[in-house]
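This report refers to the structure that appears directly beneath it.
The values are calculated or read from the model by the stated rules, or taken from the named source; none is laboratory data. Worth saying up front: this structure is predicted, and the values here are computed from it rather than measured. Note that each Cβ is placed from the backbone with ideal geometry, even for glycine, and that neighbours are counted across all protein chains shown. Protein only, heavy atoms only, side chains kept; ligands, DNA and RNA dropped before computing areas. Shrake-Rupley method; radii C 1.70, N 1.55, O 1.52, S 1.80 Å.
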Amino acid sequence: MTLELDDLRVRTLGACRYDSPFAEMLASKRTSPHYVHEDDRVLVDDTVSVLLSRGVPIDQVPSLEAAGPRRKIYFDPDATSVGIVTCGGLCPGLNDVIRGIVQELTEHYHVAHIYGFRNGYAGLTRQHRDRVVELDLRAVADINNDGGTILGSSRGDQDPEEMVDTLVELGIDVLFVIGGDGSMRGAMKIVNTIDARGLDIAVIGVPKTIDNDLPFTDQSFGFQTAFAQATSFIASVFIESQAAENGVGIVKLMGRHSGFIACYAALSINDADFVLIPEVPFVLGGPSGVLRRVEDHVRRHGQVVIVVAEGAGQELLEQEGRTTDASGNTKLGDIGLFLKQKITDHLTEVGLPPTVRYLDPSYAIRSVAANAYDSVYCVRLAHAAVHAGMAGRTETVVVRWRRRFVHIPMSLITSHRNQVDPDGDLWMSVLEATGQPASFTD
Ligand code: ATP
Ligand code: MG
């Protein structure tokens, strides 16, 4: 259907003359509302070729390469061998991605060999390369019913030269890396080594982060499953907090740098009274601090539920010599236990001795199988990755951006993090749903 501008004109009864009370409602929260500008419009067509066919001069506007099957491909399928590796922390959907890649490569491209490397990049080292497994349809049948990854995962530095030696030894033409920001940095080092040796090996990333902190990605796979799972833990502490005098429920959720899981889980269940995320700093003491706000809430309602992202309030924890994990990521202090202690002390001091229920369900969340929505998403990402690899793309990741599957250079996916905007509409929704103040610092 070809739409003309007139077809899209929305009727209005006339000029708008009254101030919206939204501003008043939010004034108490000391934040500005997110009005839509009357000139804001959303493109109907978001594909450059379609817009160009309408005569719109849009070819200089930044755009992304569409993912999907190409008429011509780079690798001869009969002579192509492929490797798959999963690295970093667990995330719902890893098995769906593995299965989708294997199915697409087997059923539609009929590639010669598909190898799975065991336990992350460690599986590409000299020491472990003999543990490689050949993957076929039977090996991946039903694996999507389980969480985790059938290939295993790991952290820790590996030598790119040694890993490329393994690729050469096995005759791998395309390596699929399913992993987070660290894994993509590792993949880029593998690409550098491939380039330095003049090899013809493609490296395609399927970026993973349960925290939803990937840029150029409208939602990362596994995220929806994760926050849905997280809601049941908020429900548990809510019930516990209601059943006790001065009941305090605290749930610590994943989110090292970005509080998306905390925000979505809290919005989903709507029983949280406070949501604390890394993007919004807070203080404990003083009239506007978290402790006084929690105290006020307990006085008024007899209970309180707090959802805290693991990366929130790190500046409050005295970090004597921060430690790192095997991959060099800084280990976070335990903000959940810290809050539990501080709130217990404070409420006891002010004559409201609490019953505190604290849950840290990270492993119970990240280890589950993907839900139906994420399974669909994963299998489509897997197909996109296979098409990209067979078409000879390299140092490329597949992502979904504005509901379209696209290719982007690997360096972009590690360039920055997607974070909750403290001035954006998501955080605004959290403030509206919880009733918490916009700031704990003034
Ligand atoms: P997540 O953080 O979501 O758990 P991740 O992929 O970021 O996933 P990491 O443990 O940081 O997890 O990294 C996975 C693998 O990538 C590890 O083997 C690690 O050594 C390697 N890696 C991480 N950062 C780099 C880097 N800068 N250069 C080379 N390899 C890296
Ligand atoms: Mg990481």
* Does segment 287-306 contain any residue that is in a helix (DSSP H, G or I), farther than 30 Å from ASP173 by Cα and under 25 Å from the mean Cα position of the chain (by Cα)? -> no
* Structure fact -> Filter segment 214-229 for residues that are aromatic (Phe, Trp, Tyr) and open to solvent by 10 Å² or more (accessible area, probe 1.4 Å); the one that is modelled with the highest pLDDT is PHE227
* If you go through segment 350-378, how many residues are crowded, with 17+ Cβ neighbours inside 10 Å, outside any helix (DSSP H, G or I) and among the polar types (S, T, N, Q)? -> 1
* Identify, from the list LEU316, LEU347, the residue that is assigned by TED's automatic domain parsing to the domain that holds ASN246, crowded, with 20+ Cβ neighbours inside 10 Å and over 13 Å from LYS252 (Cβ atoms). => LEU347
* Is there any pair with a first residue in segment 166-190 that is under 15 Å from ALA112 (Cβ atoms) and of a type in the set (Lys, Arg) and a second that is part of a loop (DSSP other than H, G, I, E, B) and within 13 Å of ligand 1 (Cβ to nearest atom) whose Cβ atoms are under 7 Å apart and which are 6 or more apart or on different chains, and what are they? -> none
* Within segment 201-213, how many residues are away from ligand 2 (no atom under 16 Å from the Cβ) and either open to solvent by 10 Å² or more (accessible area, probe 1.4 Å) or at pLDDT below 95 (or both)? -> 1
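Working only within segment 255-275, note down all residues that are part of a loop (DSSP other than H, G, I, E, B) and free of Cβ contacts under 8 Å to residues at least 60 places away in the same chain.
Of everything in segment 255-275, those that are part of a loop (DSSP other than H, G, I, E, B) and free of Cβ contacts under 8 Å to residues at least 60 places away in the same chain turn out to be GLY255, ASP271.
Take LEU90 and decide whether it is open to solvent by 20 Å² or more (accessible area, probe 1.4 Å) and touching a Phe, Trp or Tyr at 6+ places or on another chain (Cβ under 7 Å).
no
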